[in-house]
Amino acid sequence: MTAPRVRVVVERAAAPRCGLAVGDSFEVEGPSLTLPEGRPFCLYAMAAVFPVLDARLSELPADHWLERKPYICCPDPADAVLMRLERVDRAEATGAAKTGGTDGAGGTSGTSGAAR
């Protein structure tokens, strides 16, 4: 199992004065924050996300609002920036399961030892 990881992606940016654009992102894994090289991210937009990051990194019930609508708005309403909080580790785990990811021993998941 991979460590919980959240990617914060700008979903909508109608008129940001801070320079954010649709698709801009950063990732959080545990206490570490990673920005794509050479791409800044608005500190005020980050500050709006930080209070809910711990919850988004946790396993939440399916009916929790962050599971149903994982969106946070920038605190400046004039900028009209909407950010989506994606659980990247879940998407990767689901993708590996669908494509037959490795089993950690170099084999393919779902195969028996006799088939190798």
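Laboratory data are not the source of any read-out in this text; all were calculated from the coordinates shown. Being a predicted model, the structure only gives us computed values, none of them experimental. Heads up, the Cβs are rebuilt from the backbone with ideal geometry, glycines too, and the neighbour counts pull from every protein chain shown.
Subtract the Cα-Cα distance of Asp76 and Leu60 from 0.36 nm times their separation in residues, and report this length gain in nm to one decimal. Walk me through the numbers before you get to the answer.
Values: separation 16, 0.36 × 16 = 5.76 nm, distance 2.80 nm.
Here the answer is 3.0 nm.
So which trypsin sites (Lys or Arg not before Pro) in the range 1-79 pass both tests, a DSSP loop state and at most 12 other Cβ atoms within 10 Å of the Cβ?
Listed in order of number, the matching sites are Arg17.
How far, in nm, would the chain grow between Tyr44 and Glu67 when pulled straight, counting 0.36 nm per residue and subtracting the alpha carbon separation?
Working: separation 23, 0.36 × 23 = 8.28 nm, distance 2.33 nm.
Full extension from Tyr44 to Glu67 adds 6.0 nm.
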